[in-house]
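Everything on this sheet refers to the single structure shown next.
The values are calculated or read from the model by the stated rules, or taken from the named source; none is laboratory data. Quick caveat: nothing in here was measured; it's all calculated off a predicted structure. Glycine gets a Cβ as well: all are built from the backbone with ideal geometry, and neighbour counts include every protein chain shown.
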Amino acid sequence: VAPVHTGPLPEWLLPREAERDQYTPTPWVEHLDARRQIIDDRLAQTGAALAANPPEWARSLGPVPPEGTELRDTWERTAALADAWRARR
């Protein structure tokens with residue numbers, strides 16, 4: 001079974017410990033949620049850019065699927081997460 005790379009941001013990229021902590025003030029949780037959305041938007045931009053001009057390392061993801069398909073969305077999300085993983089390592 002292949003991993004699914006859609007939906008919430010993975011814990012390795014943006015841990016939710018502070019948001020889950022009962023002592024974290026509500027305004028701070030709201031701020032963290034807003035930052036999470038910004039990062040999610042950035043991942044979407046990165047995925048689209050990688051699909052438009054795939055780097056050599058992305059060849060292992062297979063060919064870029066046609067635009068407007070669920071496969072394309074999954075490819076872009078996976079590529080963006082792989083790029084983030086590579087940047088962290």
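Within the range 62-89, the residues that satisfy the criterion of being aliphatic (A, V, I, L, M), under 16 Å from the mean Cα position of the chain (by Cα) and within 10 Å of ALA51 (Cβ to Cβ) are ALA79, ALA80.
Applying the condition of being of a type in the set (A, V, I, L, M) and within 15 Å of the chain's Cα centre (by Cα) to the range 35-57 and asking which residue is farthest from GLU17 (Cα to Cα) yields ALA51. Of all residues in the range 51-89, those being crowded, with 17+ Cβ neighbours inside 10 Å, of a type in the set (Val, Ile, Thr) and more than 18 Å from ASP40 (Cβ to Cβ) number 1.
On the stretch given as the range 46-71, residues that are touching a residue at least 24 places away in the same chain (Cβ under 8 Å) and either part of a helix (DSSP H, G or I) or among the hydrophobic types (A, V, I, L, M, F, W, C) (or both) total 7.
Among the residues in the range 9-19, are any touching an Asp or Glu at 6+ places or on another chain (Cβ under 7 Å), within 21 Å of ARG86 (Cβ to Cβ), at pLDDT below 95 and surrounded by 11 or more Cβ atoms within 10 Å (Cβ to Cβ)? Yes, because at least one residue in the range 9-19 is touching an Asp or Glu at 6+ places or on another chain (Cβ under 7 Å), within 21 Å of ARG86 (Cβ to Cβ), at pLDDT below 95 and surrounded by 11 or more Cβ atoms within 10 Å (Cβ to Cβ).
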